[in-house]
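Please treat every number below as a calculation from the coordinates, not as lab data. Because the structure is a prediction, the values reported are computed rather than measured. Don't worry about glycine lacking a Cβ; one is built from the backbone with ideal geometry, like all the others, and counts go over all protein chains shown.
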Amino acid sequence: MRPESTGTTSGETRVSGRYFFLVPLALLGSPAMPLHAAESYPGKPIRIVVPFSPGGTNDMAGRLLAEKLTAALGQTVLVENRAGAATNIGTEFVVRSASDGYTLLLGSSSSAANVTLYPRLSFDLRRDFAPISLVATTSQVLFVHPSVPARTVQEFIRLAKSRPGELAYASGGIAGPPHLAGALFNALAKVKLLHVPYKGGADAVISVMSGQTSASFAGTASALPQIRAGRLRALGVTTAKRVAAAPDIPTIAEAGVAGYEMSGWMALLAPGGTPKGIVAKLNRATVAALAMPDVRQRFTNSGAEAEGSTPQQLESFMGREIEKYARVIEEAKIKAE
């Protein structure tokens, strides 16, 4: 296993309403690479591996980031899709790549869940990657069929408690984000919603629209058109704060389920052992890109929120996420397909 390496930039950066205080570059050092080598980086094209198929929010994020990094770094940054095995194929490819900053990973919340779902992975997310920056967070929305006699989260909880094991919620598959969102809801709201997995997220949404299932969790961007058309009724979003694209929908936590928060996320990672000077340069360019108004709007349009962090903040964040997913998966006894 390669040791993890981190780095930051100097000064103070404000992203998404948060202030991050960054340490001076002079304090970072890089025993793995001479200073002049880090300064000359990049000297050839960089690739960002997106462990998902083309299309979708993760792919959009990778391509948008690649475009902005190309302009900032003066070298072409390309996206390479390596989907499969619940993101593990692309992730393993990057961890086996050279620690030189030329092969990066757009990691995600799936990566954090996989630590528990796949205990025999050949890599360790915490030890084998050098965090660069949090890129974005994504939200899901809890919705029901209009015939369900519940207009608020609390009314839905009361209904579920009166019919334990009878109300079904659909998802796009075992151990996916909607399944885990529902498992966390069961645990914190102390209800017993029945999980019904489908072959994909679109099928899960259709099952609720047709009345085959009572509820579901789905990406906010994909569910909002049906909600606004009156085909579905939104009860709450899964994030810690309201979503910019739908500020009228309360969070599940503020609707009465204390501690509920299930955000998807994307983060830029490098193979462990990548020189700190290179990590610092990538962090600086990434955080600057995520602060651009057009980038922030593109993420908002896709149901996400541009973020940005120091490598240390991302490292701590991923640790908390791994622990959270482990609790949910173990309590619900979820097994990977």
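Observations on the model:
- Based on every Cα atom in segment 247-337, Rg and the maximum pairwise Cα distance Dmax equal 16.6, 46 Å.
- Mean separation of Cα pairs under 8 Å and 6 or more residues apart, divided by the residue count, gives the chain a relative contact order of 29 percent.
- Exposure proxy for 151, 298, 284: other Cβ atoms within 10 Å of each Cβ, ordered fewest to most, give 151, 298, 284.
- Selection among 146, 223, 162 by position relative to the dipole of segment 140-237 gives 162 as farthest towards the positive end (Cβ unit charges, Cα centre).
- Helix 177-189 vs. the chain, principal-axis angle (Cα, 0 to 90°, nearest 10): 60 degrees
- For segment 195-308, the dipole from Cβ point charges (+1 on Lys and Arg, -1 on Asp and Glu) about the Cα centre works out to 240 debye, to the nearest 20.
- For the residue pairs 276/324; 276/333; 281/335; 190/335; 199/324; 161/324, alpha carbon separations beyond 32 Å are given by 276/333; 281/335.
- Kirkwood-based shape ratio for the chain, expressed as Rg/Rh from alpha carbons: 0.99
- Sum of side-chain charges, residue 197 neighbourhood, beta-carbon under 10 Å (Lys, Arg +1; Asp, Glu -1): -1
- Neighbour-count ranking [beta-carbon atoms within 10 angstrom, fewest first] of 335, 68, 161: 335, 161, 68
- Charge dipole (Cα centre; +1 on Lys/Arg Cβ, -1 on Asp/Glu Cβ; no other charges) of the chain amounts to roughly 480 debye.
- When 99, 210, 309 are arranged by Cβ crowding within 10 Å, least crowded first, meaning fewest neighbours, the order is 210, 99, 309.
- Rg(Cα)/(2.2 N^0.38 Å) for segment 140-237, N = residue count: 0.93
- Projected over every direction and averaged, the convex hull enclosing the alpha-carbon atoms of segment 49-148 yields 8.3 nm².
- Folded to 0 to 90 degrees: helix 276-290 orientation relative to the chain principal axis, Cα: 50 degrees
- For residue 135, the amide hydrogen comes within under 5 Å of the amide hydrogens of 266, 267, 268, 308, counting only partners 5 or more places away or on other chains and with H modelled in the peptide plane.
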